[in-house]
Amino acid sequence: DLTANQVIVRRRNRILDRRGWLNLGFRLAGLALIFYILFSKVFILCQINGNAMFPSVKDGDLVLGFRLENKIQKDDLILYEMDGQICVSRVVAKGTDYVDMDEDGYLYINGTVQSGEILYPTVPKTLLEYPYQVPKGYVFVLGDYRTQATDSRDFGSLPEEAIKGKVITIVRRRGF
């Protein structure tokens, strides 16, 4: 037999337990909403397939991009969508720049040979006529593994609106 005070205390405890679960539910929903907003509007996280950017980005690496970056510069790694797949490439030229390539594997931007840490030769493909002027509002992208990459030599300049984000960090998959 329970006394009246014991019944009241048990009811109050059940109500507090329900409030605790309800409070936890609201907190989890709020946390899920924050993550949704962050990864749909601010950041983009994707796993890269293929070796078009080898050795900078390897097959299976996770790439974190920042969606709100408005100023894309030459040499930036960007994420864009091509044929329903997120791709990563390096910006080598912007609107009004001239791009030229020769059969020896050299890349020229505005008449200046581009040298750097790219290990593979840059050979022209037949889609574009060189020297090629990048239209205003577009970027010219190349993969670092130039002999194997699908890039602006295959599909032309990329509109700046097609850029999904600027790469801010790479997580190597071999750590998983």
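The values are calculated or read from the model by the stated rules, or taken from the named source; none is laboratory data. Just so you know, these numbers come straight off a predicted model, no measurement behind them. Surface areas here come from the heavy atoms of the whole protein model, side chains and all, with no ligands, DNA or RNA. Shrake-Rupley method; radii C 1.70, N 1.55, O 1.52, S 1.80 Å.
Values computed for the structure shown
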| item | result |
| --- | --- |
| Segment 25-43 versus segment 83-154: alpha-carbon centroid distance in Å | 38 Å |
| Solvent-accessible ranking of Tyr132, Tyr108, largest area first, probe 1.4 Å | Tyr108, Tyr132 |
| Accessible area, probe 1.4 Å, largest first, for residues Ser89, Ser56 | Ser56, Ser89 |
| Length released on extending from Thr112 to Glu69, taking residue separation times 0.36 nm less the Cα-Cα span | 12.8 nm |
| In order through segment 122-132: 3J(HN,Hα) via Karplus (6.51 cos²θ - 1.76 cosθ + 1.60), integer Hz, x for Gly, Pro | 9, 9, x, 10, 7, 5, 10, 9, 9, x, 10 |
| Where only C-alpha atoms are counted, convex hull volume of segment 81-176 per residue in Å³ | 123 Å³ |
| List Ile109, Ile163, ordered by accessible area with a 1.4 Å probe, largest first | Ile163, Ile109 |
| Relative contact order (percent, whole number), the chain, Cα cutoff 8 Å, 6+ residue spacing | 24 percent |
| Surface share of carbon and sulfur [accessible, 1.4 angstrom probe, percent] for the chain | 53 percent |
| Principal-axis tilt of helix 4-37 within the chain, Cα atoms, nearest 10 degrees | 10 degrees |
| Qualifying lysines (Cα of each under 29 Å from Cα of Lys125; at least 8 residues distant if same chain) | Lys58, Lys71, Lys74, Lys94, Lys136, Lys164, Lys166 |
| Where the chain is the region considered: accessible area per residue in Å², 1.4 Å probe | 65 Å² |
| Solvent-accessible surface (1.4 angstrom probe) belonging to Glu129, in square angstrom, nearest 10 | 150 Å² |
| Of every Cα-Cα pair in the chain, the percent that sits beyond 20 Å | 61 percent |
| Rounded to whole Å, sorted largest first: equivalent-ellipsoid semi-axes of segment 59-116, Cα gyration tensor | 25, 15, 11 |
| Reachable aspartates and glutamates from Lys41, criterion Cα separation under 12 angstrom, eight or more residues apart if same chain | Glu69 |
